[in-house]
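Below: the structure, in structure tokens.
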Amino acid sequence: MAQLTRKYDHISNCEGMVIDRADWNAIYNFDGDDGASFVQNRTARSMQYSYQKTTKALRKMMDTRQRAMRVNSSLLLTNNQGFASLALMEHMDGSFSEGAALNSHGLLGMRSSAILWTYSKAECCSSEATADVFFQRQLYMKVFSMAPLPQADHAISLSDPEVVYEYSRYGGLFTTLRGAKWLLKPHAVNASGAALVNVFEQPIAPGKRRCGPWCSAATRAKQSSPWRTCRPTFARLRYSTRGTFQCRTFRRRRRCRARLRRRCSSSRAQSLRARSCSRRSA
């Protein structure tokens, strides 16, 4: 908590935090008792309870400090290496994980973003055949490969032209998966032979056709709304005017912000009136 406070106080462009080492959640504290754990004939407290309590407090601080920030600074990711659990993702926006547990990271990223560490050229880009296997597996699970970085620390480097080439070959496919979610409906697609197929839902993009008949009625209604041209820069927007709104079309930015503020203010006013009426009737 103190570290996050210092980041907000001293780093004006802080975009959030990544929590490392989820494997600590496999440890039990024998000095505590969570009322559920019993290990080696002794009561104990699972570190998972402490982890969830801490991430909840971090999320609350981020939502509070976000109001004074010009950019989205409420991103909270976790490293799922060694302990991948859906219960620990409640307050997370996604994961940025080390290791090679591709399936677990993909399953935990059905409704969020999942990034997997890439260690070296040998792992992904030693040949086109190796790159095809590596990237197609990640596309199938909707897991983004860590991009090459200059002067990377125990990670893939940007200085190798073969690495840049292979990432460029698959870059467009990964771009189409930005914001996508797994389509959890039976028999969404039929495939013949030995092909492996996965289907994802993609929110409507400016100037693009709306999604097909597999979209839910709520999704289609949302797409037909005039508010589809605008979106908040952070997910947890409630009935308030905090945060920075971003329009997908620059010319509509002022109009978009004004409409969103009026809508939020109106919704909040209705909520306050409803509370006031209920108090009077009571």
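Taking 28 Å as the limit for the C-alpha separation, the pairs LYS53/LYS185; LYS121/LYS185; LYS7/LYS56 exceed it in the case of LYS53/LYS185; LYS121/LYS185. In this structure the amide hydrogen of GLU98, modeled in the peptide plane, comes within under 5 Å of the amide hydrogens of ASN80, GLN81, TRP117, none closer than 5 places in sequence on its chain.
Just want the ordering: HIS10, HIS91, HIS187, from fewest to most Cβ atoms lying within 10 Å of their own Cβ.
HIS187, HIS10, HIS91
Residue by residue, segment 85-98 carries 3J(HN,Hα) couplings of 9, 5, 5, 8, 9, 4, 9, 9, 8, x, 9, 9, 10, 8 Hz when phi is fed to the Karplus relation 6.51 cos²θ - 1.76 cosθ + 1.60 (θ = phi - 60°); x denotes Gly or Pro. Each principal axis of the Cα cloud of segment 74-118 was evaluated for its coordinate range; sorted largest first, these ranges are 26, 19, 17 Å.
For TRP182, nonlocal amide neighbours, meaning residues 5 or more places apart or on other chains whose placed amide H falls under 5 Å from its own, are GLU201. Once both labels are positioned 7 Å from their Cα atoms along Cα-to-Cβ, the gap between SER159 and ASP132 label points is 3.1 nm.
In this rough spin-label picture, where each label sits 7 Å from Cα along the Cβ direction, the ARG21-SER85 distance is 1.7 nm.
Rg/Rh for segment 2-201 stands at 1.02; both radii use Cα atoms, and Rh follows the Kirkwood definition. Backbone geometry of segment 50-56 corresponds, through the Karplus equation with coefficients 6.51, -1.76 and 1.60 at θ = phi - 60°, to 3J(HN,Hα) couplings of 5, 4, 5, 5, 5, 5, 5 Hz, x marking Gly and Pro.
The fewest-to-most ranking of ILE11, ILE27, ILE156 by surrounding Cβ atoms within 10 Å reads ILE11, ILE27, ILE156. Of the trypsin sites (Lys or Arg not before Pro) found in segment 1-105, the ones in coil according to DSSP and having at most 16 other Cβ atoms within 10 Å of their Cβ are ARG21, ARG70. Ordered by the number of other Cβ atoms lying within 10 Å of each residue's own Cβ, fewest first, CYS124, CYS14 fall into the sequence CYS14, CYS124.
The numbers here are math on the coordinates, done by the rules we state, and not lab data. No experiment lies behind these values; they were computed from the predicted model shown. In this analysis, Cβ positions are derived from the backbone assuming ideal geometry, glycine residues included, and neighbour counts consider all displayed protein chains.
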